[in-house]
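Some notes on the structure that comes next.
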Amino acid sequence: MPVTPELPRNLCLNGSWAISVTDIAGSGPEFNHEHPLEAVVVSQESFVGYLLFGIFLQPKGASGAEIQNRHVTLLEGKDADWGRAYIPKEAVNPISPATVYSILNKVNARKLLSGHLLAIRYNAITRMREIEKHLDVASRWDKEFKFLLGQGEESLTKFTAISYKALTDWLETSPAQLLASVEGVSVTTIRNRIYAAREIGAIEKPGAGVRSAKKPNVS
């Protein structure tokens with residue numbers, strides 16, 4: 001099973017916009033070990049899914065987001081000034097996730113993209129796991145998690161399917177395994193939900209011989 005990418009240090013949810021901050025370390029010309037970096041990822045949820053509008057590599061702390069906190073991901077809302085500053089002031093074209101993979105190494109590209117989406121979709125589960133390691137999301141979905149995750153009218157099957165589609169759209173190559181790891185269930189459980197979602201038309205069935213999340217050919 002693939003390693004779950006490190007989640008962002010900070011996440012700001014402002015309407016349809018999401019802004020995350022992730023600490024970055026690695027090898028390559030984009031990194032400097034003497035001066036640690038952070039990456040800010042900006043996305044917007046739309047009727048077609050999550051659109052990527054920016055990735056900013058900068059010195060750690062430059063975003064103004066809190067650095068020291070007791071949570072895996074510190075969640076903030078529209079009142080967070082640091083997050084609001086990254087929302088585009090005018091219409092701009094989204095960025096292709098493939099571009100990110102072509103510029104950053106694969107590990108860090110996946111960390112930023114998949115980690116950003118997991119923080120958006122599963123922040124309530126992540127927070128609760130800090131004090132309760134074993135969560136039965138399915139049994140608590142209708143009365144608890146569908147409200148905590150901001151999907152009040154959706155079934156767990158549809159929620160999982162939308163998460164799966166978002167990850168594949170952003171070039172995660174092992175989305176079912178990743179969701180199984182985050183939720184603490186078997187990969188078969190996730191795949192059964194995806195199958196059920198396709199049968200009811202919640203997400204499209206894959207085309208013959210073509211995978212929507214084909215991995216870019218990058219070094």
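The values are calculated or read from the model by the stated rules, or taken from the named source; none is laboratory data. These figures come from a predicted structure and were not determined experimentally. FYI the Cβ positions are ideal-geometry reconstructions off the backbone, even for glycines, and counts take in every protein chain you see. Please note that ligands, DNA and RNA were not included when accessible areas were found on the heavy atoms of the full protein model with its side chains. Shrake-Rupley method; radii C 1.70, N 1.55, O 1.52, S 1.80 Å.
Assorted remarks:
- Enumeration of residues in the stretch 92-143 that are among the acidic types (D, E), free of Cβ contacts under 8 Å to residues at least 24 places away in the same chain and outside any helix (DSSP H, G or I): E132, D136
- Against the criterion of being touching a residue at least 60 places away in the same chain (Cβ under 8 Å), farther than 19 Å from L7 by Cα and open to solvent by 30 Å² or more (accessible area, probe 1.4 Å), K89 does not qualify.
- When S102 is tested against (1) crowded, with 21+ Cβ neighbours inside 10 Å; (2) modelled with pLDDT of 95 or more, just one condition goes unmet, and that condition is (1).
- Selection status of E130, surrounded by fewer than 17 Cβ atoms within 10 Å (Cβ to Cβ), of a type in the set (D, E) and closer than 15 Å to L7 by Cα: yes
- Some residue of the stretch 144-155 being open to solvent by less than 10 Å² (accessible area, probe 1.4 Å) and free of Cβ contacts under 8 Å to residues at least 40 places away in the same chain: yes
- Residues in the stretch 73-86 that are surrounded by 17 or more Cβ atoms within 10 Å (Cβ to Cβ) and either touching a Phe, Trp or Tyr at 6+ places or on another chain (Cβ under 9 Å) or in a loop (DSSP other than H, G, I, E, B) (or both): T73, E76, A80, G83, Y86.
- Filter result for the condition that a residue is touching a strand residue (DSSP E or B) at 6+ places or on another chain (Cβ under 8 Å) and of a type in the set (D, E, K, R), over E76, E130, E154: E76
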